[in-house]
Amino acid sequence: MSGYRAEFMIEPFIEGSLGPPVLAAIDAVTELGFEPQVGAFGTTITGEPDTIIVALSDMLNAAMEAGATRVTVQVDRNPAS
């Protein structure tokens, strides 16, 4: 792990399913080489600042195009770096 940790949460929630907006967001960051950790309330990626910024931009566009009504993002300096 390195640099920053970003967590994003996509709405609307679909109980028991990730839903199209979440799947689109995960696909967008995976295509950039990230290995997202999908949790109950959000998805986390870690990387260097420049790559995190690009990934979050692609994720946001993909999620909104797939029908997201809200995307919440939190970025932290990764304490393990």
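Read-outs: derived from the displayed coordinates by stated rules, not from any lab. Just so it is clear, the structure is predicted and the values come from calculations on it, not from any experiment. Using ideal geometry, Cβ is built from the backbone for each residue, glycine included, and neighbour counts are taken over all protein chains shown.
Of note:
- Cα lying deepest toward the dipole's positive end in the chain, options Met64, Gly33, Pro49, charges on Cβ: Pro49
- Under 5 Å between amide hydrogens, built in the peptide plane, is the criterion, and for Tyr4 it picks out Gly47, Glu48, Asn78 among residues at least 5 positions away or on other chains.
- Each of Glu7, Glu31 was scored by other Cβ atoms within 10 Å of its Cβ. Listed from fewest to most, they are Glu31, Glu7.
- From phi via Karplus (6.51, -1.76, 1.60), per-residue ³J(HN,Hα) for region 30-36 in Hz, x at Gly/Pro: 5, 4, 8, x, 7, 10, x
- The packing ranking of peptides 72-78, 42-48, highest mean first, is 42-48, 72-78, where packing means the average number of other beta carbon atoms within 10 angstrom of each residue.
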